[in-house]
1. Excluding ligands and nucleic acids, what accessible area in Å² is computed for residue B:228 using a 1.4 Å probe, to the nearest 10?
2. Mind checking how much accessible area B and A bury in total, 1.4 Å probe, in Å² rounded to 100?
3. Compute the long axis of helix D:23-33 from its Cα atoms, compare it with the longest principal axis of the Cα atoms of chain D, and write down the angle in degrees, 0 to 90, nearest 10.
4. Within a 10 angstrom radius of each residue's Cβ in A:232-245, how many Cβ atoms of other chains show up on average? Whole number is fine.
5. Work through the residues other than residue B:137 whose Cβ is under 13 Å from its Cβ and net out their charges, Lys, Arg +1 and Asp, Glu -1.
6. Taking the Cα atoms only, what angle lies between the long axis of helix D:80-95 and the longest principal axis of chain D, rounded to 10 degrees?
7. Taking GluC sites (Glu not before Pro) as candidate sites, keep only those in a DSSP loop with at most 15 other Cβ atoms within 10 Å, then name the longest stretch of chain D containing none of them.
8. I need the Kirkwood Rh of the stretch A:8-184: take the reciprocal of the average 1/r across all distinct C-alpha pairs and report it in angstrom.
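The values are calculated or read from the model by the stated rules, or taken from the named source; none is laboratory data. The structure displayed is predicted, hence computed values, not measured ones. Reconstructed Cβ throughout: ideal geometry from the backbone, glycine too, with neighbour counts over all protein chains shown. The accessibility values were calculated without ligands, DNA or RNA, using every heavy atom of the protein model including side chains. Shrake-Rupley method; radii C 1.70, N 1.55, O 1.52, S 1.80 Å.
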Amino acid sequence: MKKLINDPNQVVKEMLEGIVAAHPRRLKQLPGTSVLVRSDAPVEGKVGLVSGGGSGHEPSHAGYVGPGMLDAAVSGEVFTSPTPDQIFAAIKAVDSGKGVLLIIKNYTGDVMNFEMAAELAEAEGIAVAKVIVNDDVAVEDSTYTTGRRGIAGTVFVHKIAGAAAEQGASLEEVEAVANKVIANVKSMGMALTPCTVPAAGKPGFELGANEMEIGMGIHGEPGIEKTEIKTAEDIAAALCGKVLADLDIKEKEKTAVMINGLGATPLMELYIVYKKVAALLAENKVEVHDTFVGEYMTSLEMAGCSVTILRLDEQLTLLLEVPADTLVWK
Amino acid sequence: MKKLINDPNQVVKEMLEGIVAAHPRRLKQLPGTSVLVRSDAPVEGKVGLVSGGGSGHEPSHAGYVGPGMLDAAVSGEVFTSPTPDQIFAAIKAVDSGKGVLLIIKNYTGDVMNFEMAAELAEAEGIAVAKVIVNDDVAVEDSTYTTGRRGIAGTVFVHKIAGAAAEQGASLEEVEAVANKVIANVKSMGMALTPCTVPAAGKPGFELGANEMEIGMGIHGEPGIEKTEIKTAEDIAAALCGKVLADLDIKEKEKTAVMINGLGATPLMELYIVYKKVAALLAENKVEVHDTFVGEYMTSLEMAGCSVTILRLDEQLTLLLEVPADTLVWK
Amino acid sequence: MTFDAACGKQWMIAMNKTVQEKKDVLTELDQAVGDGDHGLNMARGFQEVVNKIDANEYEDLGSFFSEVGMTLISTVGGASGPLYGTAFIKLAAQLKGRKQADLPVLAAAFSAALEGIKARGRAEAGDKTMVDVWEPIVTHLLKRGELLQVEELTRLAQEKLEETKNLHAKKGRAAYLGKRSIGHLDPGAASSVYLFTAFADVLKGEIDNEQS
Amino acid sequence: MTFDAACGKQWMIAMNKTVQEKKDVLTELDQAVGDGDHGLNMARGFQEVVNKIDANEYEDLGSFFSEVGMTLISTVGGASGPLYGTAFIKLAAQLKGRKQADLPVLAAAFSAALEGIKARGRAEAGDKTMVDVWEPIVTHLLKRGELLQVEELTRLAQEKLEETKNLHAKKGRAAYLGKRSIGHLDPGAASSVYLFTAFADVLKGEIDNEQS
Ligand SMILES: Nc1ncnc2c1ncn2[C@@H]1O[C@H](COP(=O)(O)OP(=O)(O)O)[C@@H](O)[C@H]1O
Ligand SMILES: Nc1ncnc2c1ncn2[C@@H]1O[C@H](COP(=O)(O)OP(=O)(O)O)[C@@H](O)[C@H]1O
Ligand SMILES: [Mg+2]
Ligand SMILES: [Mg+2]
Ligand SMILES: [Mg+2]
Ligand SMILES: [Mg+2]
């Protein structure tokens, strides 16, 4: 394990201290917690947005805290959902009386911890709504199982729900638009190399010198299948094909596209992937309104990428375009 | 070599196509070249700024093209300076009659190719000025040698010279402020893992499982020495110490700091490094006006980081704060 | 046999000891089907439980288990934190005000704990989760009451863990693997075996004490 | 012995053949002290040179070498592109209007090429660059004139390359290594050996032709 760290058991704590030291005008840390909130929280007359999850997905989630996006990001240990007390602290810190929306990625742990926090908040009379992001089409969708994972598409939920909240929408309205994004956003990822949870000290899985994992999650969880490495074009076609099919997108529909790097993939390679994705969308006569290429939802130092497509209507387009002022999304 | 590519010999071409496909409103490619210019180039009444170098440093340099920063980025093959004809094409495309500043990193290849391009441009009557960035304190400074390399500090030159140009400064003024940044910016880097030039197919150097390279450049060129891996704190202290000593910074002086990831280093680790850098600067009573943590000048998928410190006076502070509108710096 | 807060402490200390020793085993199980943090999560949580309870005295089993549950909830995170946390909170609710409990009372409390896990996790037996150990153990405790042989408990837990190997995961992170989850043990079921083994050891100690 | 554009073509074809074969060798040398692209740069550049000249006829040596130089300048990049490019442009300037050249004329032209390299790169002999091969070769060519023995050329180039091993680099990317550059051959000196070896082979062919 080669990492720029001091103590594998202190990485989250030290990272949060580093973030706050670097961006004191933007972010503050709730004392004694792993919660970062925008420095002017709670914002009067605005629904509060809380997201979070395990650490190791940076810039998610602190990178999206700020005007026009999230009010708070709660960080758990690496790849481990934060605990209810932490989430509850975040909810209290961002509630201005207009209620709080929790944006949760669909992992059992996250769902349970956020639910427990919501129960605590409701017991104190705070209005809380929850949305659960499940954009990962790599996973079979079924009501009998946990369902699909939430991955990079979550960032679009942050952005669009954040814009609605900033414009003064009610909790119900913000929840509704967040759910609209969730219904219209799909993603799929792949990995070329594994990643190592610092405290675990060894890679979460193995891939041969010539292997890749298709349908990879963002926690080193195994994906759909291991195959031989393919070209960027084949990979783009596989990911994009499954996403488009699942979205059931029609000609002339408008989309936003995200090519997300998982941590160690050079931007150069993400753009090479996008070149093919753009060609496929053009072939399918799908309109691309805007494109985002970079690291938005990572998995430590994993090499690989995910492709996310969001179907846009007029409301979503407008909200996507509202400027935000966060570390990553401006 | 595990890469998301199609053909190792086409990576630059395909990347540029991907960038233009993704950001058609921001950037356009000069036909038949590897030059990306801001879509409204040449901008009337503004000095043009051209930077570039070998590819593999993304988001440098195309990520900094746009209002308030560069007018054009010229991309060579991976880690290979672009050729004079390409640079010349960029100069012609961004010159509005007010002259063009070339921002060159101090590598023999870059210097010679940009110089030859400048000669071609001057022969056509275009006023050209050149500045050479040499912020890497890892390298001995001497008039008998090539001198120091240009690394991540270059981004501050782009930003500040870009702001001056956007405000209507003359070529001489833009050149002067660029040189002021260069005189006041120092960096040093280190690597945990090597990187692989796609067409070479194997890593540029080797590091043992427990080794790191201190003073690493951004091309996989060896650094000052190989040592055992140290903690993030020790590494931060080593890099920051050398940079501060070289800058000869005094108490109460104002700075901007950049912790730059070389490609595969998680943001988490960069912030852990920054935590220590912030502590060291506080100890030295150095004021940090602004901090930038992320991937600004990479070296393909190398793991490692560099620390850059820029001494700010009032002029540089104001210019640093002017908003830019580029892919990476806003 | 009666079980009091002192027994509870012994139980948690024994559980923590096992978990610290087996941290890597749990992590490896979780690497195969999940995200590789279950050993870290359990080690962090039960260490904190032991730190907390060590310093304190407890009036009754309710306040003891409540402390355990709250500590797990606020230090473990992930899926296992709320689940184990809920289980202990349910034990606490059932045993509130009791200084000690006999086997039938404990069995009823474990039954409530199991219901708590199932409600929180929306999992059933067969979904390849900790429920696959908890449910047969609770059934057994309820059935045997005072007649419980502690060795049966340990053996049964271990058996049920082995059976998770052939299951196709429906809940938790392993569910994302679909059929590829078959052939691996469930990490939470494994940590549950440690929990019931530690419990059985405490019972055995008590029974031996009483008999001597 | 006279040298014309046809000889020039042979020279470039031979050089390209070697460079393609030795691409990995050059890359490895450059990985040790630089950024590992010298083999790729040379292979890209001389391939393009061969593609360009193959299709064309050249009136004189000037237009031939000018094409070679411009092609290298616009396809190689890096440090070696401007340096080799400048060298050929200087050859072109010296040989402008000449259909053919004898050894003393060629020697003078190479001398101008060397000056071009040194002016462009601001390097001197001893700085561990291609100049460490070029300078002694040019001196030798000037000294021997018509009396040149081609084997001497190849041997001398090879010898001078070996000597770069013990030099401490002052120019080019290897200079960043400081003392750690000692013990490695200079990649550009190695490609220069290929260039002069290919040149010597063409001369040898011409001489053999004339004698037969
Ligand atoms: N819905 C559920 N119901 C019951 N148990 C579950 C559920 N989801 C997960 N588990 C248990 O939790 C264990 C995983 O715990 P852990 O690795 O600590 O959390 P996470 O999965 O969030 O990383 C699984 O092995 C399983 O036994
Ligand atoms: N200033 C210089 N003068 C003469 N030759 C130089 C100079 N700098 C570099 N070289 C030559 O160029 C070679 C490196 O070429 P190459 O690897 O293609 O370019 P780069 O160093 O830009 O990657 C060196 O081995 C050396 O022989
Ligand atoms: Mg987890
Ligand atoms: Mg190079
Ligand atoms: Mg887990
Ligand atoms: Mg090189």
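1. Accessible area, nearest 10 Å²: 120 Å².
2. On the way: alone 13600 and 13610 Å², together 22770 Å².
About 4400 Å² of accessible surface is lost on pairing.
3. 40
4. Values: counts 8, 5, 1, 2, 2, 0, 0, 0, 0, 0, 0, 0, 0, 0.
Shielding by partners across A:232-245 averages 1.
5. -2
6. Tilt relative to chain D: about 30 degrees.
7. Values: sites that count: D:57, D:59, D:124.
In chain D, the maximal stretch lacking such sites is D:125-212.
8. Details: mean 1/r = 0.0634 Å⁻¹.
Mean inverse Cα-Cα distance, inverted, gives 15.8 Å.
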